[in-house]
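Take a look at the structure set out below.
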2 protein chains.
Amino acid sequence: MLLRCCAPAALLQSLRVRAAARSALRPLCCSRTAEAGEDAGRVASRVVGGSAGGELIDTQPVRGTRDFPPEELRLRNWLFGHFREARWRARRLRRPHAAQVSLLYGFEEWDAPVVESEALYTRKGGEEITGQARAECQGLCSLSPARAQLYSFQDKSERRLSLRPELTPSLARLLLGRCKGTPLPAKWFAVGQCWRYERMTRGRRREHYQWNMDVVGVAGVAAEAELLAAITSFFSRVGLCAADVGVRVSSRKLLSALLSRAGVPEAAFAPVCVAVDKLEKSSRESVLGELEALGLPQPAAQQLLDALQLRSLDQLAALLGEEAEAVRDLRALWALANAYGYQDWLVFDATTVRGLSYYTGVVFEAFDRAGSLRAICGGGRYDRLLSAYGGEDLPCAGFGFGDAVIVELLAERGLLPDPGRLRAPCDVLAPLDEGARGAAAALAAALRAAGRRCDLLLEPPRKAKTLAKRAAALGGERLLLLGGEVAPGSVRVKTLASFEETTMTVEALLASATQA
Amino acid sequence: MLLRCCAPAALLQSLRVRAAARSALRPLCCSRTAEAGEDAGRVASRVVGGSAGGELIDTQPVRGTRDFPPEELRLRNWLFGHFREARWRARRLRRPHAAQVSLLYGFEEWDAPVVESEALYTRKGGEEITGQARAECQGLCSLSPARAQLYSFQDKSERRLSLRPELTPSLARLLLGRCKGTPLPAKWFAVGQCWRYERMTRGRRREHYQWNMDVVGVAGVAAEAELLAAITSFFSRVGLCAADVGVRVSSRKLLSALLSRAGVPEAAFAPVCVAVDKLEKSSRESVLGELEALGLPQPAAQQLLDALQLRSLDQLAALLGEEAEAVRDLRALWALANAYGYQDWLVFDATTVRGLSYYTGVVFEAFDRAGSLRAICGGGRYDRLLSAYGGEDLPCAGFGFGDAVIVELLAERGLLPDPGRLRAPCDVLAPLDEGARGAAAALAAALRAAGRRCDLLLEPPRKAKTLAKRAAALGGERLLLLGGEVAPGSVRVKTLASFEETTMTVEALLASATQA
């Protein structure tokens, strides 16, 4: 709960006010304000900034994308630090257990280019992105609607390329390309920017960063259990508890069993998943309509939706039997969740199917229990993705965790830290006259060589009082002054928090820096 | 020199062999091998990987781009760690001065989207990228040759967009968009991926990562001196010295003074810089030809190239006078370099102009003294970029430092670390039978909560001997075993380096982890 102290409501409020005032500043924590005001901002910046030579360029980032000026990047680094490695927190906040989630779990980081061949996504990607399965089912042959959300383009060699919409297809490509070169099982993670060409609505941008963790080569639900442990660890570390956030869990095998009981052909499985995934957003009637359009007779569709209302594993077991794969998987997963100690976070919800076609087993998504936000993250088992790409299959499970919804949630709960407190602390060093600039440079070099962070002020010398204000604004711990009335070979040290001031020799200062 | 121990030639050799053997694996440290073999690799991967369902997708990344499987990403993180923050080294190698360069210098990190409006680069970008100035000078109006190196495309709303070729125009856009919102001077840094659509030759890919540091709002050469201090600090930290690497320094004001003496009109300045920048790669004759094409009479062009042969500031001062701006700037810069203590790295070289049109003052580039590689990094002062974008000018200086040439150089010198030693150390935890999986999960959760990195093996249980081999391959420090012949509530602890083995209670293990 230490974090709550770092993020007073006043700060978040001030962030929002700043965002409204300065259109180019689009803080990580208030995408809503910024997006609503985007077009106004676009106009305003033309008016405010234009001056010297010619018309001012559009200072907004490309529509649907964000800039990260330092105060925003501090927040991004704070978040990614929790995804990946947050050792700096361990130091600053002295929390012994504040180590990094992905590395703490023994996962290895990987990355791939943000630009991929379009074929990686149009071939057998997730329906949500390409809409292909739906198009196939509706007898539409045109691929153009299928590409509606892909951020695709053609390069100068007429290659069809896409900005990656997600990381999993790239992971599959890497695994296939490395053939037998990867010792299995492998536990890999990545944090990368992903792109979708979407209509711009609240909280939906065209780019977002996604944290992925994947377990490759493990057929059992031990993989899913480990992934869910990492997700719930992350939530705990940023100050959320099981009363704030839940994780809906189900299995595609459940839907598969229900569909085969209803006599629905195997081929309709993926598009039915996409239709069922809309249950939360759309009305039961509209989902029924979609299922009928997919060829399900109305009574079967009704029975299917009724069965999806089940809210306990016992009810599910009564319907399908204890030996049904879906039941066995979910029972084993719950037992492991108990062993890890995160069972309170889990909620069995048969309607959870996730929008991507490649899932084959357990699927899950984390949600805000207060209910207003979209899914925070989601994932599951995808054992047949590699064969969809023409390779040999490998059992895989993984999740994607975007940076948009979690930041909205943390901001709502006052759990985002103060960007001002995320600045790395340092000495601020300034010469009081131009003649002392060389001595200041030499001292900066020596302090840095001793491992001490040092911000050497490069502007023309100013008065000590002005410099103290500037050093405080820069987040400095101490202001070090040379020249002026300070004797050569000496340095005046002002501790900015306490206003204490002392003068010592440069040698004494360096000796103390080396010891620290 | 500690680093030299970490990167034995054998390792680098093995990396190269692996790269040749496995085409998809394109190590950071041997782009040459990988690129030469690219097309062969493309064919091979189709043959090796194809199997189950349908033709195998192309498992290579998009032409000119790299994948980063974990062993490559460890190297990338090592390099970026030095650019940005390398605290993990401070811990592992116990070097007290191994803190991070950019943060050590009090710079703040920023970022912008990798996709920008094309107009940001075609309007008044650097000639090297758009070739615009040259086209203008040659009376060509078409913009098409100007876009030769820009990785541009059109989105679905018919916006002309580009993958950013460099970071500086985005920085200018951010500064303009924030209007008066940025307290000045500002010291900012970024590490971002940049794209150029280039012919694929040795060491030239279509993407690379670039480390940038920029000082905004400082008119004097104190800014350039600080930037050069950071660059030389970086070189020292990765094991290079002033005998390995030099930094050529000059000033565009020098060329400007020479051109005005030769009666060359102001408008020809930028394209003349581009032509002169080719002196190292092209013959004197071909540069003379280019200068004549730009309208310089042959005698003036000859005099210009003669003057550029000057190799000392004293010679320069004799030609232009001590009061010439170029001379004063460079004298002041050398004095500061002396104070910082990096003067040995600097080489005055009047032919250094850099290929980008926006530089206005001091320019510099680091080079391998052995001479075979392209410039390692480059930068300088660009005081008029903001007005080129229609805003008010601000004095700025900065540099770009790519990840390609430095890695080639470090690999040549045996200074790249062993990726195996860059793995974060951890406990490897495994159940010896399926019945102990829950206990293993519980122990993993407890160790991680105590801040101890723990890789829980998720595959079906195997024999202790097999597990010890696997744990060693995973870079584990200790193998922790539960179940099998180990009594419930106890754990067998194998220290992998020493083969020592002991059995203790779970409580005792956790107590020691919490103390550590």
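The values are calculated or read from the model by the stated rules, or taken from the named source; none is laboratory data. Keep in mind the model is a prediction, meaning the values are calculated, not measured. All Cβ positions, even for glycine, are placed from backbone atoms using ideal geometry, and neighbour counts span all protein chains on display. All accessible areas refer to the heavy atoms of the entire protein, side chains included, with ligands and DNA or RNA removed. Shrake-Rupley method; radii C 1.70, N 1.55, O 1.52, S 1.80 Å.
If I ask for residues that are surrounded by 14 or more Cβ atoms within 10 Å (Cβ to Cβ) and of a type outside the set (A, V, I, L, M), which ones from the stretch A:293-331 would you list?
Scanning the stretch A:293-331 gives A:Gly295, A:Gln302, A:Gln303, A:Gln315, A:Glu325, A:Arg328, A:Asp329, A:Arg331.
Suppose the filter is of a type in the set (A, V, I, L, M), more than 7 Å from every other protein chain (Cβ to nearest Cβ) and outside any helix (DSSP H, G or I); does A:Ala430 pass it? Full working, then the answer.
Details: of a type in the set (A, V, I, L, M): yes; more than 7 Å from every other protein chain (Cβ to nearest Cβ): yes; outside any helix (DSSP H, G or I): yes.
Judged against the criteria, A:Ala430 is a match.
Report, by residue number, each residue of the stretch A:361-372 that is open to solvent by 10 Å² or more (accessible area, probe 1.4 Å) and either among the charged types (D, E, K, R) or in contact (Cβ under 8 Å) with a residue 60 or more places away in the chain (or both).
Correct list: A:Glu365, A:Phe367, A:Arg369, A:Ala370.
Surrounded by 23 or more Cβ atoms within 10 Å (Cβ to Cβ) and touching a helix residue (DSSP H, G or I) at 6+ places or on another chain (Cβ under 6 Å): is that true of A:Ala190 in this structure?
no
Any residue that is crowded, with 24+ Cβ neighbours inside 10 Å, in a loop (DSSP other than H, G, I, E, B), touching a residue at least 12 places away in the same chain (Cβ under 8 Å) and not β-branched (Val, Ile, Thr) - is there at least one of those in the stretch A:387-397?
So far as the stretch A:387-397 goes, yes, one or more of its residues are crowded, with 24+ Cβ neighbours inside 10 Å, in a loop (DSSP other than H, G, I, E, B), touching a residue at least 12 places away in the same chain (Cβ under 8 Å) and not β-branched (Val, Ile, Thr).
Would you tally the residues in the stretch A:241-263 being without any contact (Cβ under 8 Å) to a residue 40 or more places away in the chain and not in a helix (DSSP H, G or I)?
Selection size over the stretch A:241-263: 2.
Yes/no per residue for (1) outside any helix (DSSP H, G or I); (2) open to solvent by less than 20 Å² (accessible area, probe 1.4 Å); (3) more than 8 Å from chain B (Cβ to nearest Cβ); (4) modelled with pLDDT of 75 or more:
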{"residue": "A:Arg46", "(1), (2), (3), (4)": "no, no, yes, no"}
{"residue": "A:Gly54", "(1), (2), (3), (4)": "yes, no, no, no"}
{"residue": "A:Val62", "(1), (2), (3), (4)": "yes, yes, no, yes"}
{"residue": "A:Arg66", "(1), (2), (3), (4)": "yes, yes, no, yes"}
{"residue": "A:Glu71", "(1), (2), (3), (4)": "no, no, yes, yes"}
{"residue": "A:Leu75", "(1), (2), (3), (4)": "no, yes, yes, yes"}
{"residue": "A:Gly81", "(1), (2), (3), (4)": "no, yes, yes, yes"}
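In the stretch A:451-462, is there at least one residue being open to solvent by 20 Å² or more (accessible area, probe 1.4 Å), more than 9 Å from every other protein chain (Cβ to nearest Cβ) and either over 20 Å from B:Ala223 (Cβ atoms) or free of Cβ contacts under 8 Å to residues at least 40 places away in the same chain (or both)?
Within the stretch A:451-462 (the criterion being open to solvent by 20 Å² or more (accessible area, probe 1.4 Å), more than 9 Å from every other protein chain (Cβ to nearest Cβ) and either over 20 Å from B:Ala223 (Cβ atoms) or free of Cβ contacts under 8 Å to residues at least 40 places away in the same chain (or both)), the answer is yes, since at least one residue qualifies.
Between residues in the stretch B:297-315 that are touching a residue at least 12 places away in the same chain (Cβ under 8 Å) and residues that are open to solvent by less than 90 Å² (accessible area, probe 1.4 Å) and of a type in the set (Ser, Thr, Tyr), which pairs lie under 8 Å by C-beta distance while being six or more apart or on different chains?
B:Leu308/B:Thr351; B:Gln309/B:Thr351
Restricting attention to the stretch A:427-446, and to residues there that are of a type outside the set (Gly, Ala, Ser) and surrounded by fewer than 23 Cβ atoms within 10 Å (Cβ to Cβ), which single residue is nearest to A:Leu227 (Cα to Cα)?
Once the filter is applied, the top-ranked residue is A:Leu432.
For the stretch A:231-267, how many residues meet the condition of being more than 30 Å from A:Gly295 (Cβ to Cβ) and among the acidic types (Asp, Glu)?
Applying the first criterion (more than 30 Å from A:Gly295 (Cβ to Cβ)) to the stretch A:231-267 yields A:231-247.
Within this subset, residues satisfying the condition of being among the acidic types (Asp, Glu) are A:244.
Count: 1.
Within the stretch B:496-510, how many residues turn out to be open to solvent by 50 Å² or more (accessible area, probe 1.4 Å) and either of a type in the set (A, V, I, L, M) or within 23 Å of B:Lys469 (Cβ to Cβ) (or both)?
Summing the residues that are open to solvent by 50 Å² or more (accessible area, probe 1.4 Å) and either of a type in the set (A, V, I, L, M) or within 23 Å of B:Lys469 (Cβ to Cβ) (or both) in the stretch B:496-510 gives 8.
As an exercise: evaluate B:Leu385 against (1) more than 35 Å from the chain's Cα centre (by Cα); (2) more than 10 Å from every other protein chain (Cβ to nearest Cβ) and give the number of the one condition it does not meet.
Of everything listed in (1) more than 35 Å from the chain's Cα centre (by Cα); (2) more than 10 Å from every other protein chain (Cβ to nearest Cβ), B:Leu385 misses just condition (1).
Give the number of residues within the stretch B:472-495 that are assigned to a loop (DSSP other than H, G, I, E, B) and open to solvent by 60 Å² or more (accessible area, probe 1.4 Å).
Taking the stretch B:472-495 as the starting set, the residues that turn out to be assigned to a loop (DSSP other than H, G, I, E, B) are B:474-475, B:483-489.
Imposing the further condition that a residue be open to solvent by 60 Å² or more (accessible area, probe 1.4 Å) reduces the set to B:485, B:488.
Going through the stretch B:472-495 one residue at a time, the tally reaches 2.
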